[in-house]
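First comes the structure, then the notes that go with it.
The values are calculated or read from the model by the stated rules, or taken from the named source; none is laboratory data. Keep in mind it's a predicted model, so treat the numbers as computed, not measured. Glycine also receives a Cβ, built like all others from the backbone with ideal geometry; neighbour counts cover every protein chain displayed.
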Amino acid sequence: MDYTAFIRPEYVLMLLFAGALITYFAGKYSSMARYSLSLLFSGLALLMVALLYGKNTLSVWTPSITPNGISMYVGTNPLTWFFAIILASLSFLTIMYSIPIMKGKRMENWFYTLTLLLMGSMLGVVFSSDLLSFFIFWEMMTLSSYLLVTLAGKRSDKAALNYMILSTMGAYSMLTGITMLYVHFGTTEFSLLSAQIPGTPVNFLWLSLGLVAVGFLVKSAALPFYVWAAPAYSEAPDGFTPLFSGALSKLGAYGLFLFMYVIVGMSALIGMGSFRGVSSFGYAIALLGSITAFIATLYAIREDDIKRLLAYSSVSQVGYILMGLGIGTSLSVAGSLYHALNHALFKTVLFMGAGAIIQLTGTRKMSEMGGLATRMPITFLTMLISIFSLAAIPMTSGFGSKWLIYEAAINKGFVFIAPLAFVASVGSFLYSFRLLQAVFLGQLPDGLKDAKDPSLLVTIPMIALTSITVLFAIVPGVPLGAIASAESYMGIQPIQVDSLFYFRIGNSFGAYNALVVMTILLFAMLVAMIMFAFAGSKSKKVDQHDTYLSGEIYEHHSDLGLHYAANFYRPIERMFEPYLRLRLERTYDAFGRGYELLSEGIRRVYSGDVQTYVYYVIGFLGMLIILAGWWW
Amino acid sequence: MILTIAVAILILMMMVFAVYSVETKDLLYAVVGTMAVSLIVSILFYVLQAPDVAMAEAAIGAGISTAVFVIAIKKTERYEHD
Amino acid sequence: MVNIDPTLMIGIPLFMGFLIPSVAIVWKNSPRYLAGFTILFNLIASTLLLIRSLNAPVISVLGGWQPPYGIVFVAGPLGSMLALLISSMTMLTWFYLPPHIKEGNETKFYMLFILLMAGATGMVLTGDLFNLFVFTEITSIASFSLLAYSRGKDEKEAVEATIKYMIIGSLSSAFFLIGIALLYGATGTLNMADLASKIPSANHNLVMMALAMIITGLGIEAEMFPLNGWTPDAYTGATHPVSVMFASVVVKAGFFALIRVVFLIFGAATEALQILMIFGLLTLFVGESSALRQTDLKRMLAYSSIGQMGLLLVAFSLNNQTALVGGLYAMLNHAIAKGLLFMAAGSFIFALGTRDISALNGMGKRMPVTSALFTIGAFSIMGLPFFGGFISKIVIIAGSMQAGTEGMLVAILILSASLIELVYFLRVVHRIWMREPEDDSRLKEAPFTQMFPMIVLAAFVFLMGIYPQAFFKVLIPAAQELLRGLGTMIGGA
Amino acid sequence: MIKKSIALILIAILFVAIFFTLANDLPFGDNRTTTGVSDKYIYHGVNDTGASNLVTAIVVNYRGFDTLGEVTVLFVAATGVGAVLYNMGRPAGKKRKKTEASLIVRTGSRILFPMMLLFGAYIFVHGHLTPGGGFQGGAVIATAFLFKYVSDTRYHIDHNKFTATESVVGMTFALVGIMGLLLTGYFLFNFLPNGSPGELLSAGIIPIIYVAIGIKVGAELTGILDNMMEVEQ
């Protein structure tokens, strides 16, 4: 039997949606069935997505659904595949990881159903090849992720609602833009749209593209819309956060890639106005991205809550992705896609590790953890490498992507974007160091004496993702090969990848040979270790408590702020304090409260008094008659 | 001519009764006022050569509805207060 | 195929309405079955009528007097679709009724119930303006009476609501009647098609005055913004099935009458459409904003109804085919989904004994089936994909985009109102499924007879979301009928 | 005070606008038989319908369907009054005030009651010949019953009989319409011979309908009065 006939995107989606349903009903009766079925479906879907590599398909999968006969299309192409494989593998690994983490949690059965649904709708978003199905899957994705956030119970209510409101606002803005495009061009299919784009009025493009972009900026938590991100990421159930931050946040970037480069296309984008050879639209996105990266980093530095710290870090890293995306050169787009991949890898590991630690310690405060490095070596190691990747320390793949983005920004001479990105990068080192220090080093609180690594189901995904991070650090050409074909699909000059030696990333400006760098670094480390080993003989082992507590017992004073992680970056925080106080959240809150008050006032219109109502009626008639005499 | 004057007087009376029945605080008087309005309207309809409508107005406007109002006032309160 | 004359859809219910009280003297349980039979008849008749009218409008002349001298019934695809909607919603409500009627009232309740249906059917089928007035009167007076009969625990509430509704409703009919009189004075005819052909040459001032009066009169029935003071009290005071009838039948018929007068008689006068647009937007915002802070479930649904009617006004006043199709779709969706919501809310309130939204915590565990149905209805009103509301919203937005720059603004306003709607519905749905109940005991679900109409409605909501083509087959000719006007439709006029 | 002045202003606006529109634009008193449908009614009404009273010809024959609707409106309204006023748990008709009417009233009512009934009946039976008709006659009949109520404190109607009467006459009207549909294909078609105008038995279905309407309206208005009288204080 020719199995390849079944390797089609629509079957992936159908499999997942049907799988969600089956898992729900089977899972009601047996938890074993729930776990195995959800693993089975997501794994199968992952396999199918992987096999879709290199295929370019496009097919109608529903009859027309509007009076004007719009059909729904799905298809794959290199860009789609690149995102799809990230989403699918993260979903699969997260489901695996969730099995021990979500055990016995609230509405466990719903969790798997919704995760499969979310996986299906995320893949639907990337596979859809027309505006309508894109929007439908987008809405499904928002809804299922909203429901996943609310699974955490009452404390996540507000965060989830904010997330939903902002997402819907973005979605509606997107809908407006999409409908504009549809009404103007009379088609929803992407390739037909992009064929008609040249010669479209610039104002129209700005408006529609801007409206659509708002939806994506909301999803990627960029500057004016980032307020939902930290609460939602941190309050979401631990099993969902890795997927939420690792996979879902990329879809905003995917949408922008799709609309900016696939649909509108580079030349029309430049035609909308350009700035130093970069389209103004893209520049605006890049600027927003860089500012987001900067601000979110500042917030991350002062967080003591491990999930909030990672959440802000997510926002900031997505800012980098947007930055590369907006600049839109061959180098920056490659960097952006590569960073999306890297971020998916390392942030997922970090959130998984954080989830495991939270489950162990029962708290999210870093100042109540510490010293876990020796007790949880696997967690420590995987998170360590991921943090290196996050902080863009050479020798990790995170370095490669950030390097590409910086180089693109510097090449273009963006005096505003590049420095912001540098500062943010330093910041990300600071907060990731704090995470490392506070959680894994320092004192081990008494309650955690018998802490140990989580079960295999948790560590396997973490190890898998970490090893990919390391692997890609050595052979960046592998992912960059896929990225290059995605780039050429988007009509951007593909980045040159040395296909014989996957170690080199190169372009006309310079090259980076990962193998060489890696070797040099390893050698340097070796030297350092040898030196340390020799010098180590001079060191003396001291009980940690003695050094700064003068022999006092730490537990009695844990509220004194004597923990390493307490006030970790006090001076920096003090420096930025006045600015950080101007939080955007307050504006949104004030707006929300203001509107609620206003609606309270509007409600008074219905006073319940008939006389008043009669006044309204007579007044309305009087007004109509005056109008009748005046304008008619 | 005489008819015109008579009609004018009737209309004036009707307006007076109408305003009176709106303004008075004694609801029973107000009902009597509306009854008077109905009667005059009925006469006017007759003058305008619409006997069918005049009959309906006399029977329903001046008769039944007045009775309904009076019964209602009897069951509730006679005086209006703000 | 059997042809049932559309006039019988009025004649039989009126006959049965007169029959029910006397039969009830000898056979106490008869009203329910007689009413059920009548509604079934109307359901069959309107289905057949819809099939016939898709080919050519069905015209039925009353009393043998050709228009414009006599009264005529004109059933195009639009009218017959609404007639079908009315009879099917009435049928489903009939299933839902029993425990919500006080004992001792059944006779009159069922009588009024079918007369309400007859009035609403007449409103959508008639082709004569004065006849429209008469049927509007039947419908609205039957609504007052049903409202008065549906006293629940709080006796005073329903009566107070009735009196409010009655006062405003009599204003409505007074203005409507004056408007008709002015039109008759200006043109000398009452037949809609004849009016439409004579209005352009009639005295402009009189016509405009008449239009103002009619908009005011019918705007009250259609829940237009400053005229809809009766709505929240009436929906709240009424027993649940009657609320369903208000939302799905009475208001829809009133709205349809307004649209028909504006589009067919006044030929979609731009001035009138501008007024409808502005007040539609106001209605939308006032309705949704008032619902935002509600703590009373039925009041919230009532305000949401107001908002939806605003959306319909906006959609229709855009005056292009896409927007009209979207508007009609939204009308269907609202009738079905809001009916479902009121029914499910009714079951909640019946089981809980309170209308307070905060009592709904954890209902998903306590009454799972009803909760699921409520959620389906709410999702559809919110416009989530795979539910009817989504299609209607998308089509309306597409229609508004065709109206140029103002249309763009309208689209944005519609969507921001939908956002408010999403927020308050989401809060309720969230409460139902995600909160822990204070009292964990399982509540008794409604019996199957009551569940059945809800399941049917939920199925329709889904069907509208995933297979809209079936509905477009009817809605597109219906919208074209509105746009084309009456002129060519009525023979002999 | 503010409310009152707003009301006054609104009323003033409406009044001025409506008054001037009507005064300027509505051609009062002109001969407008050529403009609309009225010429047909005026010149062919008697031949078409056989009713000498043109108003009746229009109300019951040309636009008989409206009248059916209006009867229903009244029917529903009467029920509605009952709905607003009824109260549960207590049998109706127990708490009427027991103030005896004077001898004159009682005697007068005994003499007048049948005469008023007869007058009402006369009005609706001759609806197609002389001014008046079912509605007017019904109202007169209701007045007769009102008289009865006022004079006799113990008087109250037999609800079942009234309901049955109402039903039968209402159904008669609807049946006449349905029979027209069955016999000729038009609802409410005048399927009886017109006869010669001016005779009592002429004008086809009009007398039947008017008798039905008269009785129905009389019964309904009486019902409303009954409801009003018997409600709890």
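Are any residues in the range A:468-481 modelled with pLDDT of 85 or more and either in contact with a Phe, Trp or Tyr (Cβ under 7 Å, 6 or more places away or on another chain) or charged (D, E, K, R) (or both), and if so, which ones?
A:THR469 - this is the single residue of the range A:468-481 that is modelled with pLDDT of 85 or more and either in contact with a Phe, Trp or Tyr (Cβ under 7 Å, 6 or more places away or on another chain) or charged (D, E, K, R) (or both).
Output yes when any residue across the range C:353-366 is part of a helix (DSSP H, G or I), at pLDDT 90 or above and buried (at least 23 other Cβ atoms within 10 Å of the Cβ), and no when none is. Please lay out each step first, then the result.
The first filter runs over the range C:353-366 and keeps only residues part of a helix (DSSP H, G or I), leaving C:357-360, C:363-366.
Now narrow it down to the ones that are at pLDDT 90 or above: none.
No, every residue in the range C:353-366 fails to be part of a helix (DSSP H, G or I), at pLDDT 90 or above and buried (at least 23 other Cβ atoms within 10 Å of the Cβ).
Applying the selection to the range C:377-408, what residues are crowded, with 23+ Cβ neighbours inside 10 Å and more than 10 Å from chain A (Cβ to nearest Cβ)?
C:GLY377, C:ALA378, C:SER380, C:ILE381, C:PHE387, C:GLY388, C:GLY389, C:SER392, listed by residue number.
What residue, among those in the range C:409-437 that are among the hydrophobic types (A, V, I, L, M, F, W, C) and facing another protein chain (nearest Cβ under 7 Å), is nearest to C:ALA315 (Cα to Cα)?
Among them, the one singled out is C:ALA411.
Go through C:PHE472, C:PHE452, C:PHE462, C:PHE448 for me and flag whichever is closer than 26 Å to C:PHE379 by Cβ and either surrounded by 22 or more Cβ atoms within 10 Å (Cβ to Cβ) or in contact with a strand residue (DSSP E or B) (Cβ under 9 Å, 6 or more places away or on another chain) (or both). Reasoning before the result, please.
On the way: C:PHE452 fails: either surrounded by 22 or more Cβ atoms within 10 Å (Cβ to Cβ) or in contact with a strand residue (DSSP E or B) (Cβ under 9 Å, 6 or more places away or on another chain) (or both); C:PHE462 fails: either surrounded by 22 or more Cβ atoms within 10 Å (Cβ to Cβ) or in contact with a strand residue (DSSP E or B) (Cβ under 9 Å, 6 or more places away or on another chain) (or both); C:PHE448 fails: either surrounded by 22 or more Cβ atoms within 10 Å (Cβ to Cβ) or in contact with a strand residue (DSSP E or B) (Cβ under 9 Å, 6 or more places away or on another chain) (or both).
Within the list C:PHE472, C:PHE452, C:PHE462, C:PHE448, the selection yields C:PHE472.
Select, from A:VAL126, A:VAL149, the only residue that is more than 9 Å from every other protein chain (Cβ to nearest Cβ), under 21 Å from the mean Cα position of the chain (by Cα) and under 21 Å from C:VAL429 (Cβ atoms).
Answer to the check: A:VAL149.
Which residue, of D:VAL37, D:VAL84, is more than 16 Å from the chain's Cα centre (by Cα), modelled with pLDDT under 80 and within 22 Å of C:ILE141 (Cα to Cα)?
Testing whether each residue is more than 16 Å from the chain's Cα centre (by Cα), modelled with pLDDT under 80 and within 22 Å of C:ILE141 (Cα to Cα) leaves just D:VAL84.
Among the listed residues A:ALA392, A:ALA409, which satisfies the condition of being under 22 Å from A:ILE495 (Cα atoms), part of a loop (DSSP other than H, G, I, E, B) and small (Gly, Ala, Ser)? Break it down stepwise before answering.
Values: A:ALA409 fails: part of a loop (DSSP other than H, G, I, E, B).
A:ALA392 is the lone residue from the list that is under 22 Å from A:ILE495 (Cα atoms), part of a loop (DSSP other than H, G, I, E, B) and small (Gly, Ala, Ser).
Identify, from the list A:TYR588, A:TYR564, A:TYR613, the residue that is buried (at least 17 other Cβ atoms within 10 Å of the Cβ) and at pLDDT 85 or above.
Among A:TYR588, A:TYR564, A:TYR613, only A:TYR613 is buried (at least 17 other Cβ atoms within 10 Å of the Cβ) and at pLDDT 85 or above.
Test A:ALA221 against the criterion of being within 26 Å of A:THR329 (Cα to Cα), modelled with pLDDT of 90 or more and buried (at least 24 other Cβ atoms within 10 Å of the Cβ), and give yes or no.
For A:ALA221, the condition - within 26 Å of A:THR329 (Cα to Cα), modelled with pLDDT of 90 or more and buried (at least 24 other Cβ atoms within 10 Å of the Cβ) - is not met.
Can you tell me which residue is surrounded by the most Cβ atoms within 10 Å (Cβ to Cβ) among those in the range C:235-277 that are part of a helix (DSSP H, G or I) and in contact with a His (Cβ under 6 Å, 6 or more places away or on another chain)?
Out of the qualifying residues, it is C:PRO241.
Restricting to the range D:184-204, count the residues that are free of Cβ contacts under 8 Å to residues at least 60 places away in the same chain and within 11 Å of chain C (Cβ to nearest Cβ).
Residues flagged as free of Cβ contacts under 8 Å to residues at least 60 places away in the same chain and within 11 Å of chain C (Cβ to nearest Cβ) within the range D:184-204 amount to 5.
Would you check if A:THR176 is facing chain C (nearest Cβ under 9 Å) and either surrounded by 21 or more Cβ atoms within 10 Å (Cβ to Cβ) or over 17 Å from A:LEU248 (Cβ atoms) (or both)?
yes
Taking C:MET111 as the residue in question, decide whether it is part of a helix (DSSP H, G or I) and within 11 Å of chain D (Cβ to nearest Cβ). Let's see the steps before the verdict.
On the way: part of a helix (DSSP H, G or I): yes; within 11 Å of chain D (Cβ to nearest Cβ): yes.
Yes; evaluated as a whole, the condition is true for this residue.
When the residues of the range C:51-78 are narrowed to those that are part of a loop (DSSP other than H, G, I, E, B) and facing chain D (nearest Cβ under 7 Å), which ends up surrounded by the fewest Cβ atoms within 10 Å (Cβ to Cβ)?
Applying the filter and picking the extreme gives C:GLY64.
For the range C:176-234, name all the residues that are crowded, with 24+ Cβ neighbours inside 10 Å, of a type in the set (S, T, N, Q) and more than 10 Å from every other protein chain (Cβ to nearest Cβ).
Correct list: empty.
Working only within the range C:120-134, note down all residues that are touching a residue at least 40 places away in the same chain (Cβ under 8 Å) and facing chain D (nearest Cβ under 9 Å). Reasoning before the result, please.
Pass one, the range C:120-134, residues touching a residue at least 40 places away in the same chain (Cβ under 8 Å): C:120-133.
Answer for the range C:120-134, where residues must be touching a residue at least 40 places away in the same chain (Cβ under 8 Å) and facing chain D (nearest Cβ under 9 Å): C:GLY122, C:THR126, C:ASP128, C:PHE130, C:ASN131, C:PHE133.
Does A:SER314 satisfy the criteria of being touching a Ser or Thr at 6+ places or on another chain (Cβ under 6 Å) and assigned by TED's automatic domain parsing to the domain that holds A:THR348?
yes
Looking only at the range A:372-398, count how many residues are surrounded by fewer than 24 Cβ atoms within 10 Å (Cβ to Cβ) and of a type outside the set (A, V, I, L, M).
Within the range A:372-398, residues that are surrounded by fewer than 24 Cβ atoms within 10 Å (Cβ to Cβ) and of a type outside the set (A, V, I, L, M) number 6.
Listed here are the residues, each with its yes/no results for (1) modelled with pLDDT of 85 or more; (2) under 25 Å from C:ILE278 (Cα atoms); (3) of a type in the set (A, V, I, L, M).
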site: C:ILE163; (1), (2), (3): yes, no, yes
site: C:MET166; (1), (2), (3): yes, no, yes
site: C:GLY179; (1), (2), (3): yes, yes, no
site: C:PRO200; (1), (2), (3): no, yes, no
site: C:ALA210; (1), (2), (3): yes, yes, yes
site: C:GLY217; (1), (2), (3): yes, yes, no
site: C:ASP233; (1), (2), (3): yes, yes, no
site: C:GLY237; (1), (2), (3): no, no, no
site: C:VAL242; (1), (2), (3): yes, no, yes
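Residue pairs, Cβ under 6 Å, 6 or more apart or interchain, first in the range C:420-439 and not polar (S, T, N, Q), second not in a helix (DSSP H, G or I). List them.
C:ARG431/C:ASN361; C:ARG435/C:ASN361; C:ARG435/C:GLY362; C:GLU436/C:GLY362; C:PRO437/C:ASN361; C:PRO437/C:GLY362
Any idea how many residues of the range C:17-39 are assigned to a helix (DSSP H, G or I) and either out of contact with any helix residue (DSSP H, G or I) (no Cβ under 7 Å at 6 or more places or on another chain) or at positive phi (or both)?
3
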